[in-house]
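Novice: Structure provided below as structure tokens; questions to follow.
The values are calculated or read from the model by the stated rules, or taken from the named source; none is laboratory data. Since this is a predicted model, take the numbers as computed values, not measurements. When we count neighbours, we look across all protein chains shown, and the Cβ atoms used for this are built from the backbone with ideal geometry, even at glycine. Heads up: the accessible areas ignore ligands, DNA and RNA and are worked out on the full protein's heavy atoms, side chains in. Shrake-Rupley method; radii C 1.70, N 1.55, O 1.52, S 1.80 Å.
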Amino acid sequence: MRVDVEMSGGSPKLLERKQAVYRNLDERYEIHGEKYKGQQYSHIYFTRLHYMRNLLYSLVPKWKPNLPVNTVLGLEEEKECIIVGTIYKHMKLKPSILDEYSKERSKVPLAKPHNFVHPDDHLILEDESGRVKLAGSLLDPSAFVTGIVVALHGKETSEGKFFVLDMLEAGLPPQIKQPPSLKDKFVVFVSGLSIGSSTFNPLQFQLLVDHITGHLGDENEQTFASQIVHFIIAGNSVQILQGLLNGQTIAPRDQSTLTEPIKELDILLNQLAAAMPVDIMPGPSDPANFSLPQQPLNRCLFPGASAYNTFISSTNPHQFELDDIQFLGTSGQNIDDLFKYSEAKNKLEFMERTLRWRHLVPTAPNTLGCFPFTDRDPFLIESCPHVYFVGNQDKYETTLLRGSDNQSVRLICIPKFCETGVAVMLNLRNLECHALSFSTSLNV
């Protein structure tokens, strides 16, 4: 992979693109022999509770060494103890399919658009033995969602509630030490191309492609472009009109409307894959399965890009290593769902919570669709990544999260490119990142 740079003297200078050792870790998110046979979602909750309870039990002796650990059924009135279970959040405004058949639909207005948090929401903790309503001011229901496993210190009241005095979360998982690096190598993230939508600007994305493949700019910019070792597309690459996907036979005149966005995407991917390794993740609007984990987009959709071994169609969530630096990311569904059913000051705080809860998609399967696994929960975070990214967000945000055991995680919110014209560039040497902004507007 080389780039010719025209020198001032007229003779071209040949630049060699830097390389990084890539390792795909998507196997845990791939569905192979597992089939849906009518099983219920209780299995995935039991698996999650079993794994997280063993983990929290190992942390309790250091947290509260002199307190007994009970089940919900074993609670005794006014006796302090510790219980471990799964949080269930009772929400007054949570949508229900039964509302469609109710004569009197809910007349309570939403305080915020697309958010179902209400002051009357309350939390319940449950394990295999039973459930108990939580009381006290320590836990703010707006900060929690259904599906989290926690340890609680408290006591049962005369009303049969559990008064919470303290809480223990699993915290950030252990992290492999970041390998030292002396050279600058960059990874570019982009999401929300939405090719086929009214907001997609083909020239805008072509500018990005030309810039990172070394076809734009002076010698310094092209030298910089030669240091880009990987390109990640985090979901929602195409936008297909939903009216065409109604389960009926598509009219011949509509077939081109359906396939044109994918053909255009293949042309762009072809240019990228010819220059560097490219990972493409499926998103909610892409031609992939709806429920998480989304399986890789079929390579037959991209005959041009698939000819290159640098083109990788990955799962969502996506986990991989570059030069022993661990990456974990989604196309944004997990954070968008947390935004609907809880509150935080920004999207980065939602990302931090998923790491501290050690679960990538805590609201699945309650409010976010997922495959009904029977013997595992692939969304459990067992090892702390060095880089954690989510796609299709409203704006670019980033921070460096520090853990209690010297963990260091770069959190990145990747904005929708079709709306912002912004891609994100990460330096593997020090995990610093910045935005790449492209505009075709003539307004200065």
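Novice: What full-extension length gain, to one decimal in nm, is calculated for K183 and H90 as 0.36 nm per residue of separation minus the Cα-Cα distance?
Specialist: Numbers: separation 93, 0.36 × 93 = 33.48 nm, distance 5.10 nm.
Contour length minus Cα-Cα distance gives 28.4 nm.
Novice: Another one. Loop only by DSSP, 16 or fewer other Cβ within 10 Å of the Cβ. Give me the trypsin sites (Lys or Arg not before Pro) in region 293-360 that pass, ordered by residue number. Intermediate results must be reported in sequence, preceding the final value.
Specialist: Details: sites: R299, K340, K345, K347, R353, R356, R358; in loops: K345, R358.
When the trypsin sites (Lys or Arg not before Pro) of region 293-360 are filtered for loop state and at most 16 Cβ neighbours within 10 Å, K345 remain.
Novice: Read phi for every residue in region 179-188 and hand back ³J(HN,Hα) as whole Hz from Karplus 6.51 cos²θ - 1.76 cosθ + 1.60, θ = phi - 60°, with x for Gly and Pro.
Specialist: x, x, 9, 9, 10, 6, 9, 10, 10, 10
Novice: I'd like the antiparallel share, as a percent to the nearest 5, of DSSP beta bridges with both residues in the chain.
Specialist: On the way: 52 of 81 bridges.
Here the antiparallel bridges make up roughly 65 percent for the chain.
Novice: Expected output is a single nm value to one decimal: the length gained when fully extending between E382 and Y36, i.e. 0.36 nm times separation in residues minus the C-alpha distance. What is it?
Specialist: Difference between extended and current length: 122.0 nm.
Novice: Measuring from centroid to centroid over Cα atoms, what is the spacing of region 291-365 and region 12-60 in Å?
Specialist: First find each Cα centre; the distance between them is then 10 Å.
Novice: Provide the per residue accessible area, probe 1.4 Å, for the chain, rounded to a whole number of square angstrom. Don't skip to the end; give the middle numbers.
Specialist: Details: 21390 Å² over 444 residues.
Per-residue value: 48 Å².
Novice: Would you please give the residues with an amide H less than 5 Å from that of D166, counting only those at least 5 places away or on a separate chain, with H modeled from the backbone geometry?
Specialist: H153
Novice: Would you mind checking which residues have amide H under 5 Å from Q294's amide H? H placed 1.01 Å from N; only 5 or more apart, or other chain.
Specialist: Residues meeting the amide H criterion: N316.
Novice: Here's another thing I want to ask about it. Around G235, what is the net charge, scoring Lys/Arg as +1 and Asp/Glu as -1 over all other residues with Cβ under 13 Å from its Cβ? Before the final figure, lay out each step's value.
Specialist: Details: positive: K416; negative: D279, D286, D336.
Summing Lys and Arg as +1 and Asp and Glu as -1 gives -2.
Novice: Calculated FRET efficiency, I176 and H114, Cβ-Cβ r, R0 35 Å, to nearest 0.05?
Specialist: 0.40
Novice: Still on this model: At a Förster radius of 45 Å, what calculated FRET efficiency corresponds to the Cβ-Cβ distance of H50 and N430, to the nearest 0.05? Show your work: numbers first, answer last.
Specialist: Details: r = 39 Å, r/R0 = 0.86.
For R0 = 45 Å, the calculated efficiency reads 0.70.
Novice: Right, here's the next one. How many nm is it between the label spots at L59 and N346, if each spot is 7 Å from the Cα in line with the beta carbon?
Specialist: About 2.5 nm, to one decimal.
Novice: First select every other residue whose beta carbon is under 15 angstrom from the beta carbon of T440; then total the charges, Lys and Arg +1, Asp and Glu -1. Display every interim value, and only then the final one.
Specialist: Working: positive: none; negative: D210, E419.
Overall, the nearby charge balance is -2.
Novice: Tell me the trypsin sites (Lys or Arg not before Pro) within region 64-94 that lie in a loop according to DSSP and have at most 13 other beta-carbon atoms within 10 Å.
Specialist: Sparse-neighbourhood loop trypsin sites (Lys or Arg not before Pro): K79, K92.
Novice: Membrane-span-like helices in the chain: DSSP H runs reaching 15 Å or more (Cα, own axis), mean Kyte hydropathy at least 0.0? Numbers along the way, then the final one.
Specialist: Values: long enough: 42-63 (31 Å, -0.13); 202-212 (16 Å, 0.69); 252-273 (31 Å, -0.39).
Membrane-span-like by this criterion, though nothing is claimed about a membrane: 202-212.
Novice: A follow-up question, please. Lys and Arg at +1, Asp and Glu at -1: add these up for the other residues within a Cβ distance under 15 Å of D266 and post the number.
Specialist: Working: positive: K263, R299; negative: E260, E264, D286.
Charge balance in the 15 Å sphere: -1.
Novice: Moving on. Go ahead and set up a Gaussian network model of the chain, Cα springs under 10 Å, then flag whichever of T259, T86, T354 fluctuates most.
Specialist: Between T259, T86, T354, it is T259 that shows the largest mean-square fluctuation.
Novice: Same structure, new question: I need the shape label for region 269-363. Rule: rounded when a/c is under 1.5, else prolate if a/b > b/c, else oblate, with a, b, c from the alpha carbon gyration tensor. Please report the intermediate quantities before stating the final value.
Specialist: Working: a/c = 2.76, a/b = 1.81, b/c = 1.52.
Since a/c reaches 1.5 and a/b is larger than b/c, the shape of region 269-363 is classed as prolate.
Novice: Considering only DSSP states other than H, G, I, E and B, which trypsin sites (Lys or Arg not before Pro) in region 175-227 qualify as loop sites with at most 16 other Cβ atoms within 10 Å?
Specialist: Details: sites: K177, K183, K185; in loops: K177, K183, K185.
Loop-located and lightly packed - K177, K183.
Novice: Still on this structure, please answer the following. Which of rounded, prolate, oblate describes region 304-444, given a ≥ b ≥ c as roots of the alpha-carbon gyration tensor eigenvalues and a/c under 1.5 marking rounded, otherwise prolate only if a/b is larger than b/c? Numbers along the way, then the final one.
Specialist: On the way: a/c = 1.36, a/b = 1.30, b/c = 1.04.
Judged from the Cα gyration tensor, region 304-444 comes out rounded (a/c under 1.5).
Novice: To continue, here is another question. Which is the longest run of the chain containing none of the chymotrypsin sites (Phe, Trp or Tyr not before Pro) found in DSSP loop states (not H, G, I, E, B) with at most 16 other C-beta atoms within 10 Å? Please list the in-between numbers first.
Specialist: Numbers: sites that count: Y36, Y41, F290.
Here the longest segment lacking exposed loop sites spans 42-289.
Novice: Pop a pseudo-label 7 angstrom from the Cα along the beta-carbon direction at both T399 and V69 and give the gap in nm to one decimal.
Specialist: 3.1 nm
Novice: Please tell me the relative contact order of the chain in percent, rounded to the nearest whole number, where contacts are Cα pairs under 8 Å and at least six residues apart.
Specialist: Numbers: 915 pairs, mean separation 88.8, N = 444.
Result for the chain is 20 percent.
Novice: Among K94/K345; K89/K177; K183/K347; K340/K395; K347/K416, which pairs are too far apart, with a Cα-Cα distance over 26 Å?
Specialist: Details: K94/K345 21 Å; K89/K177 36 Å; K183/K347 31 Å; K340/K395 17 Å; K347/K416 14 Å.
Long pairs (Cα-Cα over 26 Å): K89/K177; K183/K347.
Novice: Hey, can you grab everything whose amide H is under 5 Å from the amide H of H359? Only 5+ residues off in sequence or another chain; H modelled, so Pro and N-termini drop out.
Specialist: Sorted by chain and number, the residues that satisfy this are I381.
Novice: Could you give the length gained on full extension between L25 and H122, defined as 0.36 nm per residue of separation minus the Cα-Cα distance, in nm?
Specialist: On the way: separation 97, 0.36 × 97 = 34.92 nm, distance 3.79 nm.
The L25-H122 span can extend by a further 31.1 nm.
Novice: Go through (i) 87, 57, 49; (ii) 89, 63, 46; (iii) 113, 57, 47 and flag the label whose value is the computed Cα extents along the principal axes in Å for this structure.
Specialist: (i)
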